[in-house]
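Everything below concerns the one structure shown next.
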Amino acid sequence: MRCPFCGDLDNRVVDSRMARDGRAIRRRRHCGACEQRFTTYEEVEHTVVLVTKKDGASEPFERDKLVRSLSIACRKRPIPYQVLADWAQELERMLKVTPRRAVQTVELGDKSMAFLRGLDHVAYVRYASVYRSFDSVVEFLDAIRGMDADAGKGSP
Ligand SMILES: [Zn+2]
C-alpha cells in the first residue's frame, strides 16, 4: 500500500479492526519513510450469487451447471456452445450486481426459457418440458401454441 503523503511503499499495519458492520476491515498504517499514519479499508468481495430453491434451501449459483442444462436442451441443434456460455456469463454478471445477489430457481428457469425461446424453438420446448415439468398436457400444448403464434408474427 502506497503512503498517501510521500508515496513510499514501506509501511506497516499498527491496528486492524472490523468496520461497516463486519463487511470491511479498517487498518491504521504507519509509514516508515515519513512517519505519517493513514487508514485503509479492506472490503470483502461479495461474488457469490445464491440460488434459492422452492423448498427454501439455497446453493451457490454455478454457471457451468446452467450452461450444461442449456446445452442438453440444445443437443443436435445448430447453436454454438459459445452462445450459451456467453449468455450464462452475462446473466451471472447481472446477478452479481443486483443488490440481493440471489435468484430463485423459478426465475432462473424463466430467464433460461425466455433466452432459448428467442434462440431455438426445439431447444425451448425441450428445456421447458424438463424444467417446468408441465403439470398437464394442456399446459404443454398451450406453450407450443404460444410458440406458433410467435412464429407467425414474423411472416407476412
Ligand atoms: Zn509516507
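The values are calculated or read from the model by the stated rules, or taken from the named source; none is laboratory data. These numbers were taken from a predicted model, which means no experiment stands behind them. In case anyone asks, the SASA skips ligands and DNA or RNA and just uses the protein heavy atoms, side chains included. Shrake-Rupley method; radii C 1.70, N 1.55, O 1.52, S 1.80 Å.
Here are the numbers:
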read-out	value
Solvent-accessible ranking of 91, 119, 9, largest area first, probe 1.4 Å	9, 119, 91
Area of residue 62 that stays accessible when all protein chains are in place (1.4 Å probe, Å², to 10)	100 Å²
Partner lysines for residue 96 [C-alpha distance under 30 Å; skip if fewer than 8 residues away on the same chain]	53, 54, 65, 111
Stretch gain in nm, segment residue 129-residue 76, where the contour uses 0.36 nm per residue and the Cα spacing is subtracted	17.4 nm
By accessible area with a 1.4 Å probe, ligands and nucleic acids excluded, highest first: order of 72, 25, 79	72, 25, 79
Rounded to the nearest 10 Å², the accessible area of residue 98 at probe 1.4 Å	50 Å²
Segment residue 94-residue 20, length gained on full extension (0.36 nm per residue, minus Cα span)	24.2 nm
